Amino acid sequence: MKRKGIGLLVGLVAVGLLGLAQAGVPLVLDSPSALDAVALKALGDKAFAPAIMRATNSKALVDATYYRISRLDEVIPAGAKVFIPEKTWAQAFLAVWDPNRVEDLFGGGKLVVGSWWTAGGEAEGLEALFDLYRQRYADVVIVNATVAGGAGFVFKAVLKPRLIAGDPPDTFQLHAGLEVEGYSPEVYLRPLDDLYAIYGWDKVFPPDLLQLMLYKGHYWGVPVNIHRSNVLWYSKEIFARYNLKPPANWEEFFQICEFLKGKGIVPITLANAGGWEAPHLFETILASTLTPEEYRGLWTGETPWTHPGVTRALEVLKKILDYVNADYSAHTWDTVLEYIAAGRGAMNVMGDWAMGWFMAKGVDVGWAPVPGTKGVFVALSDTFAFPKRAPNPINVIGWLEVCGSKAGQIAFNMRKGSIPARTDITPEEKAQFNPYLQSCMEDWARDAIVPSVMHGAAAPESWVVDFKDAINLFLVTKDVAGTQAALVAAARAALGK
Amino acid sequence: MRFYRRREQVLSVLLVLPSVLALFAFVYGFIGWTGYVSLSNWNRLVPDYTFVGWTNYQRLLQNPRFLITLRNLGVFTGLFVGGSVVLGFLLAVLLDRRVRAEGFFRTVYLYPLALSFIVTGVVWRWLLNPGSPQMGSTGINRLLELMGLGFLKSGWYTDPRVGIIAVAVAAIWQMSGYVMAMYLAGLRGIPEELREAARVDGASELQIYRYVVLPLLRPITFGALIVLGHISLKIYDLVVAMTGTGPGFSCDVPAYFMWETTFRANRFGQGAGIAVILLLIVSLLIVPYLRLSLRREVEV
């Protein structure tokens, strides 16, 4: 049979549609052809036939003008409209698809997205990602499987038994860094090295972050954002009233504290109802009393925990406790900010998700690095992981694609109040972000990047728990030597030396 | 006749068999499995059943937080069980005096029982939220201030010296009405003639309670102790909703620590160890009760 070839009768060019629909082009066949031949002609390889079948069937579910392909070896009649996906997606499809799973060729199904993003800006950011996904993959039903709880400590506990039982969500939120150790990724998660290569993520994310993402030599998640943990927020009104400048070091900080205490204002507000807020403060103090190299070394075993910098950090925390609100253990990170909103508290140390809270409340707040951490960026990043036994693996491809895409990162981060992880954000795109985030992007490009402990980057979770428990006890005992010994023991247990 | 009896026996065995099997599989089977896990090296997400002996228990007993939770549990159980029984008994005695609108008060006192510990926890978290000099007092502290009793203000659960005691207050509030209902039923079961007889013998009202009423109410006291005791040893939801672990773990309890050890730190072996220790503590309470009630059944 002589084939005249496959004409691109309705070859709408994909470029204009990028971001609006799954990238690719519809194609109307001008003669009957096997799927293999279509794949060879359109994407240069017969092997892409299943990808075309899946992409076409996905379209056919929502658009009746598309032909529905029922078998891989089907001869598709002339005049039938099929959908040729973009090559990157087709490659990713082949990488992910298990040929035993014929059901994956028919499109539709769910995408269960697990996360702990339930509040304000973060939920809106997630919804923005969902919107982008729905525009591209209209056949998929998104299930937003969130479990509330700061820093995800409830969500993670719900997720773990499901992973062990082989019933995970399709994709879930995972902090970049050693948190992944807690999920035994070599057993339960799919390495994403092939998708990184296909989508070129290993070139658009900064090397520091990529280094953080590697565990056992593989990538396990696609980062959507960067947060900074070492931010000192201060009330502009109080600082202006008493003509104060944001402190650059702890000496200045305590001078300000002493002064404000005399004025009946809580100098530094603290929360600890979740048990992680005070340890969060402590990690930023560690980043100030140690150099970035020494700080990183704490988590690799190169810096001993007996280091005088750790002692000094504990002493700073002990002194801070003289200046905090007495009811700190009744407050979560957000409720304690009411002190600043009401003009009764002057400063607070929290990650930059606090900016979203201040903006929502219309509080004019100033920011500076935590004293002694200028030029240091204590970072954490949210990523999405791909469980090996995800019930709808093909639907996950598009999700990770949206998460890693520039459009996705901009839409998400503007709402969430974090900065895109990608390095190729143009100045015009940058200008859309609020002033804090713009300054944060500059610091991210310039500063030394060190990983956050309390947000999963620096250490495996068992170590994080020991670290957190030691600091929680310290809040009451104020025993510097004993706490340092507990931290040494925690490191020894975690590093095995 | 004999055939008929055998058939009846077989039938009765068949009838209880499913529940017995389910009980053994899902209760005793899992208890045994938990015990086994507590002796294993399963301290990552991936199950690892390598036998390590008592290592997990040794680590637990060296963990300062675990020891604090055990102490808290002791304090909580003592206060909660004791407080609920005493308060419940007093309420029952007062209501038993044929007060007006008794039905109304009975309902009021019993109502907290209808709430879940989560609701109680949230309510008391607000009530006992101390507030601060800068932001003003809230809840009970505010009430004390308005009554001119400001010197009684406390940090409640944000004060490590109070800690678990604040949680016990909430628990007593919830359960004392239930104990009251039990005692009230018991008091109504005591015939007036007995009291009359005691009065004729010249006993004072206090003596009547001490020598007549209380001994007769002993089974009810015992039942209340068992019910409250096991609630107290399992306490988790109230702590989660009300305080979390509190300052320096002063509100922490073993069940909460078990949850965090298992599902957060991935130390499944140690988590199972905590479960076994909790089970042992509960059985200290339950076993005498079972022995006693079994003996009583035999006597009957």
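The values are calculated or read from the model by the stated rules, or taken from the named source; none is laboratory data. Here the structure is a predicted model, which means the values were calculated and not measured. Positions of Cβ are generated from backbone atoms using ideal geometry, with glycine treated the same way; all protein chains shown enter the neighbour counts.
Quick check on region A:174-184: of everything there that is crowded, with 23+ Cβ neighbours inside 10 Å and closer than 22 Å to A:Ile397 by Cα, which residue is nearest to the other protein chains (Cβ to nearest Cβ)? Out of the qualifying residues, it is A:Tyr183.
Any residue at all in region B:186-209 that is out of contact with any helix residue (DSSP H, G or I) (no Cβ under 8 Å at 6 or more places or on another chain), touching a residue at least 60 places away in the same chain (Cβ under 8 Å), in the same structural domain as B:Leu110 (by TED's automatic domain parsing) and within 26 Å of B:Leu110 (Cβ to Cβ)? Within region B:186-209, one or more residues are out of contact with any helix residue (DSSP H, G or I) (no Cβ under 8 Å at 6 or more places or on another chain), touching a residue at least 60 places away in the same chain (Cβ under 8 Å), in the same structural domain as B:Leu110 (by TED's automatic domain parsing) and within 26 Å of B:Leu110 (Cβ to Cβ). When A:Pro247 is tested against (1) away from chain B (no Cβ under 14 Å); (2) assigned to a helix (DSSP H, G or I); (3) touching a helix residue (DSSP H, G or I) at 6+ places or on another chain (Cβ under 8 Å), only condition (2) is not met.
Conditions (1) more than 14 Å from chain B (Cβ to nearest Cβ); (2) touching a residue at least 12 places away in the same chain (Cβ under 8 Å); (3) of a type outside the set (Val, Ile, Thr); (4) closer than 18 Å to A:Ser229 by Cα, marked per residue:
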{"site": "A:Phe282", "(1), (2), (3), (4)": "yes, yes, yes, yes"}
{"site": "A:Gly297", "(1), (2), (3), (4)": "yes, no, yes, no"}
{"site": "A:Pro304", "(1), (2), (3), (4)": "yes, yes, yes, no"}
{"site": "A:His307", "(1), (2), (3), (4)": "yes, yes, yes, no"}
{"site": "A:Glu315", "(1), (2), (3), (4)": "yes, yes, yes, no"}
{"site": "A:Asp327", "(1), (2), (3), (4)": "no, no, yes, no"}
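Quick test for you: out of A:Glu179, A:Glu186, pick the one residue that is assigned to a helix (DSSP H, G or I) and in contact (Cβ under 8 Å) with a residue 40 or more places away in the chain.
Criteria check complete, one pass: A:Glu179.
Against the test of being acidic (Asp, Glu) and surrounded by fewer than 19 Cβ atoms within 10 Å (Cβ to Cβ), the options A:Glu283, A:Glu277, A:Glu302 yield a single qualifying residue, A:Glu302.
Kindly check whether there is at least one residue in region A:169-188 that is touching a His at 6+ places or on another chain (Cβ under 6 Å), within 22 Å of A:Leu111 (Cα to Cα) and modelled with pLDDT under 95.
Kept after step one, since they are touching a His at 6+ places or on another chain (Cβ under 6 Å), are these residues of region A:169-188: A:175.
Still in the list and also within 22 Å of A:Leu111 (Cα to Cα): A:175.
Then drop every residue that is not modelled with pLDDT under 95, which leaves A:175.
Yes, because at least one residue in region A:169-188 is touching a His at 6+ places or on another chain (Cβ under 6 Å), within 22 Å of A:Leu111 (Cα to Cα) and modelled with pLDDT under 95.
Residues in region A:345-364: is at least one surrounded by 21 or more Cβ atoms within 10 Å (Cβ to Cβ), among the aliphatic types (A, V, I, L, M) and out of contact with any helix residue (DSSP H, G or I) (no Cβ under 9 Å at 6 or more places or on another chain)? Taking every residue of region A:345-364 in turn, none turns out to be surrounded by 21 or more Cβ atoms within 10 Å (Cβ to Cβ), among the aliphatic types (A, V, I, L, M) and out of contact with any helix residue (DSSP H, G or I) (no Cβ under 9 Å at 6 or more places or on another chain). Among the residues of region A:103-118, are any out of contact with any Ser or Thr (no Cβ under 9 Å at 6 or more places or on another chain), at pLDDT 90 or above and in a strand (DSSP E or B)? Yes, the conditions are met somewhere in region A:103-118.
Of the residues making up region B:263-290, those that are more than 14 Å from chain A (Cβ to nearest Cβ) and on the phi > 0 side of the Ramachandran plot number 0.
Within region A:155-167, is even one residue surrounded by fewer than 20 Cβ atoms within 10 Å (Cβ to Cβ), within 14 Å of another protein chain (Cβ to nearest Cβ) and in contact (Cβ under 8 Å) with a residue 60 or more places away in the chain? Yes.
So which residues in region B:204-236 are in a loop (DSSP other than H, G, I, E, B) and among the aliphatic types (A, V, I, L, M), if there are any at all?
Initially, region B:204-236 is screened for residues in a loop (DSSP other than H, G, I, E, B), giving B:204, B:217, B:234-236.
B:Leu217, B:Ile235, listed by residue number.
Looking only at residues in region B:141-154 that are exposed (fewer than 14 other Cβ atoms within 10 Å of the Cβ) and part of a loop (DSSP other than H, G, I, E, B), the one that is nearest to the other protein chains (Cβ to nearest Cβ) is B:Leu149. With respect to the conditions (1) surrounded by 13 or more Cβ atoms within 10 Å (Cβ to Cβ); (2) in contact (Cβ under 8 Å) with a residue 60 or more places away in the chain; (3) assigned to a helix (DSSP H, G or I), B:Leu45 falls short on a single one, namely (3). Number of residues in region B:240-262 that are closer than 16 Å to B:Arg65 by Cβ, within 12 Å of chain A (Cβ to nearest Cβ), in contact with a helix residue (DSSP H, G or I) (Cβ under 6 Å, 6 or more places away or on another chain) and assigned to a helix (DSSP H, G or I) equals 8.
Going by what's in this entry, would B:Arg161 be described as out of contact with any helix residue (DSSP H, G or I) (no Cβ under 9 Å at 6 or more places or on another chain), touching a residue at least 12 places away in the same chain (Cβ under 8 Å), more than 14 Å from every other protein chain (Cβ to nearest Cβ) and surrounded by fewer than 16 Cβ atoms within 10 Å (Cβ to Cβ)? Even if it seems obvious, please write down each step before you answer.
Numbers: out of contact with any helix residue (DSSP H, G or I) (no Cβ under 9 Å at 6 or more places or on another chain): yes; touching a residue at least 12 places away in the same chain (Cβ under 8 Å): yes; more than 14 Å from every other protein chain (Cβ to nearest Cβ): no; surrounded by fewer than 16 Cβ atoms within 10 Å (Cβ to Cβ): yes.
Judged against the criteria, B:Arg161 is not a match.
From the list A:His331, A:His307, the lone residue that is modelled with pLDDT under 95 and over 24 Å from the mean Cα position of the chain (by Cα) is A:His331.
Counting residues in region B:289-299 that are surrounded by 15 or more Cβ atoms within 10 Å (Cβ to Cβ) and of a type in the set (Lys, Arg) gives zero. Evaluate the following for A:Ala485: is it modelled with pLDDT under 95 and either at the interface with chain B (Cβ under 10 Å from one of its Cβ atoms) or surrounded by fewer than 18 Cβ atoms within 10 Å (Cβ to Cβ) (or both)? So A:Ala485 does not fit the description; no. Taking the criterion of being over 39 Å from the mean Cα position of the chain (by Cα) and assigned to a loop (DSSP other than H, G, I, E, B), the residues of region A:21-70 that qualify are A:Leu29, A:Asp30, A:Ser31, A:Pro32. When region B:92-121 is filtered for residues that are within 14 Å of chain A (Cβ to nearest Cβ) and either surrounded by fewer than 15 Cβ atoms within 10 Å (Cβ to Cβ) or closer than 26 Å to A:Ala346 by Cβ (or both), only B:Ile118 remains. Set side by side, the residues A:Ala368, A:Ala407, A:Ala411 differ, and just one is surrounded by fewer than 24 Cβ atoms within 10 Å (Cβ to Cβ), in contact (Cβ under 8 Å) with a residue 24 or more places away in the chain, farther than 26 Å from A:Pro169 by Cα and aliphatic (A, V, I, L, M), which is A:Ala368.
Within 30 Å of B:Gln62 (Cα to Cα) and at pLDDT below 90 - does that describe any residue in region B:240-259? Spell out the reasoning first.
Just the residues of region B:240-259 that are within 30 Å of B:Gln62 (Cα to Cα), to begin with: B:240-259.
Applying the additional criterion that residues be at pLDDT below 90 yields B:244.
Within region B:240-259, one or more residues are within 30 Å of B:Gln62 (Cα to Cα) and at pLDDT below 90.
Across region A:325-357, what is the total count of residues that are outside any helix (DSSP H, G or I) and either among the basic types (Lys, Arg) or on the phi < 0 side of the Ramachandran plot (or both)? Lay out the reasoning, then the answer.
Kept after step one, since they are outside any helix (DSSP H, G or I), are these residues of region A:325-357: A:325-327, A:331-334, A:342-353.
Still in the list and also either among the basic types (Lys, Arg) or on the phi < 0 side of the Ramachandran plot (or both): A:325-327, A:331-334, A:342, A:344-353.
Result for region A:325-357: 18.
Selection of region B:111-140 for residues being touching a Ser or Thr at 6+ places or on another chain (Cβ under 6 Å) and not in a loop (DSSP other than H, G, I, E, B) yields only B:Gly131. When you look at A:Asp73, is it without any contact (Cβ under 8 Å) to a residue 60 or more places away in the chain and of a type in the set (Asp, Glu), yes or no? Yes: the conditions hold for A:Asp73. With respect to B:Thr69, determine if the residue is among the β-branched types (Val, Ile, Thr) and either within 14 Å of another protein chain (Cβ to nearest Cβ) or without any contact (Cβ under 8 Å) to a residue 60 or more places away in the chain (or both). Yes: the conditions hold for B:Thr69.
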